[in-house]
1. What residue, among those in segment 266-287 that are more than 28 Å from the chain's Cα centre (by Cα) and of a type in the set (A, V, I, L, M), is nearest to T219 (Cα to Cα)?
2. Given G228, G289, G268, which one is more than 25 Å from A139 (Cα to Cα) and of a type in the set (G, A, S)?
3. Do you know which residues across segment 208-240 are over 24 Å from V184 (Cα atoms) and more than 21 Å from the chain's Cα centre (by Cα)?
4. Residue by residue through segment 272-290, note down the ones that are part of a loop (DSSP other than H, G, I, E, B) and either acidic (D, E) or surrounded by 16 or more Cβ atoms within 10 Å (Cβ to Cβ) (or both).
5. Return the total of residues in segment 231-253 being surrounded by 14 or more Cβ atoms within 10 Å (Cβ to Cβ) and either assigned to a helix (DSSP H, G or I) or not assigned by TED's automatic domain parsing to the domain that holds R271 (or both).
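The values are calculated or read from the model by the stated rules, or taken from the named source; none is laboratory data. Computed from a predicted structure; not experimentally measured. Virtual Cβ from ideal backbone geometry, glycine too; neighbours counted across all protein chains shown.
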Amino acid sequence: MTVDGEAAGPSGEADEPGWEVDPDDDWGVAVVATVGRQLKLRREAAGMRAAEFGLAVGYGEDLVYKIEGGRRIPRPEYLDRADEVLAAGGLLSAMKEDVRRVRYPKKVRDLAKLEAQAVELLSYGSHNLHGLLQTEEYARALLGTRRPVLSEDELERALAARMARKAIFERVPAPELSFVQEEVTLRRPVGGKMVLRRQLEHLLRVAQLRHVEIQVMPTTRGDHPGTGGRIQVLKFVDGTAVGRADDEFGNRPVSDLRQLRILELRYGIIRAEALTAGESLAFVEQLLGET
């Protein structure tokens, strides 16, 4: 089968969106170029033409050239098949981890890097559950509401990136994680009733972790400084921090001490106005019983 003149890969598609190289992602461009160059050198050393190699791995000649030229991110199965065809002894397959990271959007990688270094996270969510708290099926349903609609490949890419960030819960030493969620984020049936039920059950399990505190802001609390949207502050071991708010500083990350104090002041008031951790746990259990 061919699509636009290219042989389809194992997925049944050839040149799917979501596997392009972001030209503004310098590290990603370098990784994909290096992988492509290694593939080309090994193919030529094996005396195989691009068309012949493409036939052997199940992809079209044009796509082979794109990957070798660093213009296309190779799928993991492409690297596995290339390793087998070129008898690379696992060296090409070993590149899958670097390629996997490149697939995540740069802004998500940057966020994940900051979260991996943080010793404390403060987060207030007004519209949706924080990504670190989401189950995979809830996150998939939530990403599915985006407009313009994400292609299946783009959705999978965003979902994988979000789930990878949850490694923060397993870090040693564990960072202190504080979440304040508006009541509406726990009631909105994203993905349907059963998806929401499993999401609430997941919140109850996460809330049992000693380094995690989840608080609920009841809708009846109308007078608090979180009406402008999300607030997040990440603190690091060297005493520095970075923060962000939907309605402040152009929605850009800030590290200036004065600006950070503003965000921490707001978060402190929000946290004080919210239900305590124990009350919040009981509130989530009540919602679960109603769902």
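1. Only one residue tops the list, namely L275.
2. The match here is G268.
3. Passing the criteria: R210, H211, V237, D238, G239, T240.
4. The answer is A274, L275.
5. Within segment 231-253, residues that are surrounded by 14 or more Cβ atoms within 10 Å (Cβ to Cβ) and either assigned to a helix (DSSP H, G or I) or not assigned by TED's automatic domain parsing to the domain that holds R271 (or both) number 1.
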